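Every number here is computed from the coordinates shown, using simple stated rules; none is lab data. Computed from a predicted structure; not experimentally measured. FYI the Cβ positions are ideal-geometry reconstructions off the backbone, even for glycines, and counts take in every protein chain you see.
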Amino acid sequence: MDLSGPCKGPINFNLQGDLVAPTDEASLLPLNWVTFRYLNQLTVNGGGSIDGQGASAWPHKNCKNQPTCKPLPIGSSGVKISDVHFSNIQGTTMTQIAVILNCSESNPCQKIEMRDINIAYNRGGGPAKSACANAHGAAYGQENPPSCLIA
């Protein structure tokens, strides 16, 4: 799925179901299965989820014994993320870290808003937690897990 601009906002993407990445490597071409680019004032809402298939997809990008293989893009980013609003999100998680906002040090996320978040950790061993890096914003209403945003 490719949602590309330039587009004049506001744009509302309403996800009501589950968007699940394919596990078949041939189905992953082009390399990005979901792309949002060149969009201003994008709102993503709805009761759905985006599932990248986690560990089941990792073997498809194994560069250990392939010298010409390009590794997954996990470095500093030129992407600038701002004015993102998460609201009325509820559910459960199998991992204790329920919310992760990992933003670039060179382009920190700005104006992130978390409003009425309620995610329960269902494995015991303590409450759900959040982890942030270079994420600036504010939280309002219910905060479970507690916000890690930089004010």
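Observations on the model:
- Relative contact order (%) - segment 78-151, alpha-carbon pairs under 8 angstrom, separation at least six: 35 percent
- Placing pseudo-labels 7 Å out from each Cα toward the beta carbon at ARG115 and SER49 gives an inter-label distance of 2.4 nm.
- Peptide packing for 118-125, 100-107 was compared via the average number of neighbouring C-beta atoms within 10 Å per residue; ordered from the highest value, the list is 100-107, 118-125.
- Applying Stokes-Einstein at 20 °C and 1.002 mPa s to the Kirkwood radius of segment 78-151, computed over alpha-carbon pairs, gives a translational diffusion coefficient of 171 µm² s⁻¹.
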